[in-house]
Amino acid sequence: MHRTCVALLGAATVAAAGCGGGQDDARERSAKPLAKAPFIDRADAICREVKRAQQPHTERLRALTRGSDLRRVAPILEDALAPTREGRERLQTLRAQAPREDRVTLDAYFAAADRLLAASERLAAAAKSGDRAEGRRLAVTADALSEEQQRHADEYGFEDCGDVF
């Protein structure tokens, strides 16, 4: 999902000039550690919800024609960031239930996710200001960060959390 937003923004940047809820539930707020498989299941469920929430924004980006003004892209990216941030917060809450022996591995995943989310926020700001050069640079950066996050997700065993931020 995130790669689609980055790719579309990159195309808009080159021509003219991620993405990323649901509600917390009591299980996520509990600090009792889970086994790895149930932890992954819950995290993947959150990520699937985030992807569903991002879908309309991705479709809006796809509907833009090549060469669209970056300022038309900015509100879509900003709208997509809201469910992305919410999903990241829910994952952070769930993180308290991570198997203790997996915390170092998950730290790497969450650090990559946070860097990607920050780059996506800067990308939206560049689009809003119409800064094509910065948009191009950030699109490349975000794509590399997306690959890093995907690698950490794959290494841990996530199915749906690799391309959500």
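The values are calculated or read from the model by the stated rules, or taken from the named source; none is laboratory data. Everything numeric here is computed off the predicted structure, so don't read it as measured data. All Cβ positions, even for glycine, are placed from backbone atoms using ideal geometry, and neighbour counts span all protein chains on display.
Here are the numbers:
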quantity: Matching residues in region 51-98 - criterion: being outside any loop (DSSP other than H, G, I, E, B) and of a type in the set (Gly, Ala, Ser); calculated: Ala53, Ala63, Ala74, Ala80, Ala82, Gly87
quantity: Residue under evaluation Cys47, criteria (1) over 18 Å from Gln149 (Cα atoms); (2) in contact with an Asp or Glu (Cβ under 7 Å, 6 or more places away or on another chain); (3) crowded, with 21+ Cβ neighbours inside 10 Å, criterion not met; calculated: (1)
quantity: Considering residues of region 35-90 that are farther than 19 Å from Asp160 by Cβ, touching a helix residue (DSSP H, G or I) at 6+ places or on another chain (Cβ under 6 Å) and charged (D, E, K, R) only, the residue modelled with the lowest pLDDT; calculated: Arg66
